[in-house]
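Below you'll find the structure, written out as structure tokens, and then a few comments.
The values are calculated or read from the model by the stated rules, or taken from the named source; none is laboratory data. All values derive from a computational prediction rather than experimental measurement. Note: ideal-geometry Cβ built from the backbone for every residue, glycine included; neighbour counts use all protein chains shown.
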Amino acid sequence: MKARVIVGERVKDFLESLGPEPRRKLWRAIKPLPEGKGDIKQLESRLVPYWRLRVDRMRVIYDQRATKGERRLVCFFADHRATVYSVLEQLLASGLIAELRETPGERRA
């Protein structure tokens, strides 16, 4: 099955806020996600449908979907480790996480 990475607006904004070297490092970690490469792990508890990619102190949260014979890895949230999980829990509680998971402005990695 073909696979591709889709980078959401919130992740793009986070990438743009980083300096050149951390930005490069994060992009290099996102690109091989379809091959299962990188420090990836399925989240637990209420966040069990989602996965995380760890790059230094940064985390990228993504969802895996199968659509029309294609596996899509939708990266919808990224931040520093200190805040990413608490913010994600708040988004889940408020129901806003569904909006983040939508992919209107798709950007392939």
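Selection of the range 7-59 for residues being of a type in the set (Val, Ile, Thr) and either more than 20 Å from residue 91 (Cα to Cα) or in a loop (DSSP other than H, G, I, E, B) (or both) yields 30, 40, 48, 55.
Pairs meeting the criteria (first residue in the range 36-64 and farther than 17 Å from residue 87 by Cβ and without any contact (Cβ under 8 Å) to a residue 24 or more places away in the chain, second residue in a helix (DSSP H, G or I) and not hydroxyl-bearing (Ser, Thr, Tyr), beta carbons under 6 Å, at least 6 apart or on different chains) are 38/29.
In the range 18-34, the count of residues that are surrounded by 14 or more Cβ atoms within 10 Å (Cβ to Cβ) and closer than 15 Å to residue 97 by Cβ is zero. Contact map, the range 6-26: residues that are in contact (Cβ under 8 Å) with a residue 60 or more places away in the chain paired with residues that are in a loop (DSSP other than H, G, I, E, B) and surrounded by fewer than 19 Cβ atoms within 10 Å (Cβ to Cβ), Cβ distance under 6 Å, separation 6+ or inter-chain. Pairs shown: 6/103; 6/106; 7/107; 7/109; 9/105. Residues in the range 12-34 that are under 15 Å from residue 75 (Cβ atoms) and acidic (Asp, Glu) were compared, and the one that is farthest from the chain's Cα centre (by Cα) is 16. Here is the figure for the range 60-109: residues that are among the hydroxyl-bearing types (Ser, Thr, Tyr), modelled with pLDDT of 90 or more and outside any strand (DSSP E or B) total 1.
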